[in-house]
Amino acid sequence: MSIAVTVPERLHEKAVKRGIDVKSALIELLLSKVGLDPEEEISMHLELAEKYLREAEEYLAKSDTVQSSEKLYKAAEERIKAMAMALGLGEAEGARKRGEWTLRLLDSAARRLAEAVDTRVYDDWDHAYFLHVEGFHEARLSTEHVRARVKYVAELERLTCTWGAAALLGSSAPGRLAAYCTSSALVMSTGLLGR
């Protein structure tokens, strides 16, 4: 479930001019103010990742590469946040203290997750960031370019779930991720890989 929030137009325009992602800023602010326990917050990030992935598919079906690129990036971003929190990385604590995730924290977390989880995590993150810059900000990608990178965001989802499930067997903290992964990967059900 989601709700609509009205933001004064001038405030929204000023935020966008300063490079602030208004939706993300509101979500991060609420997460910091509500004070969820770590498992609830991880669940929220994974829920957002799934939402963004579904939205990416909808935009891609309409050949809206700009919005599809950004939703794919946001799905990857939320997965990085969830894994960083599950592993207790310093970047997650840094984001909590700041009240927001910065690109520097996300990139650092992705590099550290590549060491701890699988080297592909950083490659997948890099592809997602490429979509963010070239697909969203610069609007230079064709539908084929975006579709070619969907598999990397999908792989990041699979890595999150398989890592979480493997860790669950070993009773380590990342195992909590497995509880939030569906029995069949969301990416398979959305059809994004089949196009």
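Region 102-195 holds helices (runs of 4 or more DSSP H) entirely within its bounds, and those carrying 3 or more residues that are under 19 Å from E55 (Cβ atoms), out of contact with any strand residue (DSSP E or B) (no Cβ under 9 Å at 6 or more places or on another chain) and modelled with pLDDT of 80 or more map to 120-130, 143-169. When region 1-48 is filtered for residues that are within 20 Å of Y73 (Cβ to Cβ) and outside any helix (DSSP H, G or I), the ones remaining, listed by number, are S2, R18, G19, I20, D21. Scanning region 29-67 for residues that are over 16 Å from E157 (Cβ atoms), within 16 Å of the chain's Cα centre (by Cα) and among the polar types (S, T, N, Q) returns a single hit, Q67.
(1) touching a Lys or Arg at 6+ places or on another chain (Cβ under 9 Å); (2) crowded, with 19+ Cβ neighbours inside 10 Å; (3) in contact (Cβ under 8 Å) with a residue 60 or more places away in the chain; (4) not small (G, A, S): which one isn't true of K71, the others all being true? All conditions are met except number (3).
Applying the selection to region 13-56, what residues are buried (at least 19 other Cβ atoms within 10 Å of the Cβ) and not hydrophobic (A, V, I, L, M, F, W, C)? E41, H45, E50, Y52, listed by residue number.
With the condition kept exactly as written, say whether any residue in region 126-147 is among the polar types (S, T, N, Q) and farther than 23 Å from I27 by Cα.
yes
Of the numbered criteria (1) touching an Asp or Glu at 6+ places or on another chain (Cβ under 9 Å); (2) without any contact (Cβ under 8 Å) to a residue 60 or more places away in the chain; (3) not polar (S, T, N, Q), the one L53 fails is (2). For region 124-140, a tally of residues being of a type in the set (A, V, I, L, M, F, W, C) and over 17 Å from the mean Cα position of the chain (by Cα) returns 1. Of all the numbered requirements in (1) within 11 Å of the chain's Cα centre (by Cα); (2) not in a helix (DSSP H, G or I), L72 misses one, and that requirement is (2).
Among the residues of region 56-69, is any closer than 20 Å to V121 by Cβ and in a helix (DSSP H, G or I)? Yes, the conditions are met somewhere in region 56-69. Report every pair of residues separated by at least 6 positions or lying on different chains whose Cβ atoms are under 6 Å apart, first residue within region 77-106 and within 13 Å of H45 (Cα to Cα), second polar (S, T, N, Q). Once the first residue is within 13 Å of H45 (Cα to Cα) and sits in region 77-106, its partners that are polar (S, T, N, Q) give R79/T160; M83/T160.
The values are calculated or read from the model by the stated rules, or taken from the named source; none is laboratory data. Remember, it's a predicted structure, so these values are computed and weren't measured experimentally. No Cβ is skipped: glycine too gets one built from the backbone with ideal geometry, and neighbour counts run over all protein chains shown.
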